[in-house]
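Trainee: There's a structure below that I have some questions on.
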Amino acid sequence: MKRFLPFLCCLFLLAGCAAPASSAEPEQAQFFSMDTVMSIRVYSGGGLDAIQAARQEIEGLDKLLSRTDPDSQISALNSHAGDGLQVSLDAEVANLLSFAKSVSQLLPGCFDVTIAPVMDAWGFTTQERHIPSADTLSAAMALVDSNGLIVDEQASSARLERAGMEVDLGAVAKGFAAGQADAVLRQQGVTSALLDLGGNVTVIGAKPDGTAWQVAVKDPQNTSEALCVLSLEDQTASTSGGYERYFEENGQIYHHIIDPKTGYPADSGLLSVTVISADHMLADALSTALFVAGPDAALDFWRSREDIELVLCTQDNRVIVTEGLEAGYRPAGEDRGYTYEIARR
Ligand code: ADP
Ligand code: MG
């Protein structure tokens, strides 16, 4: 939990000092779900009831989607891999699986929702993290193929074609939860709020004074500091980086974002990727996928669509900010050796 605190404080500071002096303190809650620290702060409309409803929504989703909870729907799907049974799911789970599959098709070789056996081979699931043997890794890699995940959205069911295959929604679950929590808070009348679901910061509306939220992107090499600060309204900023979960062996760092082409932690020249979008789930999925894709492919992908903006931090200390963010971003790491550039369409 400790590693999340600096960022929470950093976010709090920015949000806190941004609120007008006359406004009341926000209603807030901090809790642990989906294997991470989460916080919800409501600045206007709704109140503690709204926060409680959003928290329940997120905790309910965790119960449905967790791969380590044997009673979850994802565990049911995984345990029937290869036996031909089409497993019944809640409609939202089927939709999420179908979305995750579609991201594999958007960025082939970068994202795969059936990456679970490889996560297990590295011990990321059990916390007993280690470099897998070549045999273990190739056996796990042979099971990774999102084409073998068959989703029937109409019937609200899914199956995995081969025994041993498993789905892992770690790259999208928090973004999906952000979208659902955002909807719950708005239904409860919330017009100004800040959600931090472990690396996914979602803002509702603007600050109570009507100006945009100021959200810090963490410096991946010094996570108690900001890399830059973004002006956001009604959006999610989702960050993926090798610094979130990792272990060290023989002086090498091995992190939890896997390149499905190699089965090894992605090493594409990036330290972190932040995706900004009004589509919360898309932001989360793409931050993982573009981290694997690398800076050039990430910028090509950005140029191909209108619904995302990016902040890329490269291994050679460049911070590349896409032009849609230009007016509202502020660099914050020049004294730490970063250079900033704007990417154009
Ligand atoms: P975090 O969960 O730390 O915020 P991400 O959103 O980037 O970070 O998700 C990382 C998680 O996604 C991993 O823990 C794993 O469950 C899953 N994952 C890792 N590599 C991939 C990949 N290439 N494609 C899809 N999912 C992945
Ligand atoms: Mg993600």
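The values are calculated or read from the model by the stated rules, or taken from the named source; none is laboratory data. Quick caveat: nothing in here was measured; it's all calculated off a predicted structure. Note that we place each Cβ from the backbone using ideal geometry, even for glycine, and neighbour counts take in every protein chain shown. SASA here: full protein model, heavy atoms, side chains in, ligands and nucleic acids out. Shrake-Rupley method; radii C 1.70, N 1.55, O 1.52, S 1.80 Å.
Trainee: Using only helices, what value at 222 nm comes out for the chain when you add -39,500 (n - 2.57) per DSSP H run of length 4 or more and divide by the total residues, to the nearest 500 deg cm²/dmol? If you can, show how the numbers build up before the last one.
Mentor: Working: 9 runs with 107 residues, N = 345.
Computed ellipticity for the chain at 222 nm equals -9500 deg cm²/dmol.
Trainee: Something else about it: Once phi is turned into θ = phi - 60°, what whole-Hz ³J(HN,Hα) does the Karplus curve with 6.51, -1.76 and 1.60 give for every residue of segment 332-345, x standing for Gly and Pro?
Mentor: Coupling constants for segment 332-345: 9, x, 4, 5, 9, x, 7, 10, 10, 9, 9, 8, 9, 6 Hz.
Trainee: Considering only the other residues whose Cβ falls under 12 Å of the Cβ of Val292, what net charge follows from Lys and Arg at +1 and Asp and Glu at -1?
Mentor: Values: positive: Lys261; negative: Asp112, Asp259, Asp267.
In short, -2.
Trainee: Under unit Cβ charges (Lys, Arg +1; Asp, Glu -1), what dipole magnitude, rounded to 20 debye, does segment 73-160 have relative to its Cα centre?
Mentor: That gives a dipole near 120 debye.
Trainee: Return the Cα extents of the chain along principal axes one, two and three, sorted largest first, each rounded to a whole Å.
Mentor: The Cα atoms of the chain stretch 62, 45, 38 Å along their principal axes.
Trainee: Using the Karplus curve 6.51 cos²θ - 1.76 cosθ + 1.60 with θ = phi - 60°, what ³J(HN,Hα) values do you get for each residue of segment 168-181, in whole Hz, with x for Gly and Pro?
Mentor: 9, 8, x, 7, 10, 4, 5, x, 5, 4, 4, x, 5, 5
Trainee: Moving to a separate point now. How large a share of the accessible area of the chain, in percent, is made up of carbon and sulfur atoms when the probe is 1.4 Å and the other protein chains stay in place?
Mentor: Values: 6740 of 14130 Å².
Carbon-and-sulfur percentage of accessible area, whole number: 48.
Trainee: Have a look at Phe111, Gln30, His280 and report the one farthest towards the positive end of the charge dipole of the chain, computed about the Cα centre with Cβ charges (Lys/Arg +1, Asp/Glu -1).
Mentor: Working it through, the farthest residue towards the positive pole turns out to be Gln30.
Trainee: If you don't mind, there's one more thing I want to ask. Suppose all protein chains stay in the model; what accessible area per residue would a 1.4 Å probe give for the chain, in Å²?
Mentor: Details: 14130 Å² over 345 residues.
Computed with neighbouring chains in place, this is 41 Å² per residue.
Trainee: Which cross-chain or sequence-distant (5 or more) residues have an amide H under 5 Å from the amide H of Ala343, H modelled 1.01 Å from N in plane?
Mentor: For Ala343, whose amide H was placed from the backbone, the distant partners under 5 Å are Val321, Thr322, Glu323.
Trainee: Another question, if that's okay. Can you run phi through the Karplus equation (6.51, -1.76, 1.60; θ = phi - 60°) for segment 97-113 and list ³J(HN,Hα) in whole Hz, with x for Gly and Pro?
Mentor: Couplings: 4, 5, 4, 4, 4, 5, 5, 4, 6, 5, 10, x, x, 10, 9, 8, 6 Hz.
Trainee: Quick one: accessible surface of Thr223, probe radius 1.4 Å, all protein chains present, in square angstrom to the nearest 10.
Mentor: 40 Å²
Trainee: Can I ask one more? Could you tell me whether segment 305-345 comes out rounded, prolate or oblate from its Cα gyration tensor? Rule is a ≥ b ≥ c as square roots of the eigenvalues, rounded for a/c under 1.5, then prolate if a/b exceeds b/c, otherwise oblate.
Mentor: On the way: a/c = 2.72, a/b = 1.73, b/c = 1.58.
Prolate is the answer for segment 305-345, as a/c is 1.5 or above and a/b outweighs b/c.
Trainee: Still on this structure, please answer the following. Restricting to lysine pairs 8 or more places apart or on different chains, what number in the chain have Cα atoms under 25 Å apart?
Mentor: 11
Trainee: How big is the accessible area of His130 in square angstrom, nearest 10, if you roll a 1.4 angstrom probe over the protein chains?
Mentor: 80 Å²
Trainee: Arrange the residues Asp209, Asp335 by how much accessible surface each exposes, largest first, with a 1.4 angstrom probe. Walk me through the numbers before you get to the answer.
Mentor: On the way: Asp209 75, Asp335 130 Å².
From most accessible down to least: Asp335, Asp209.
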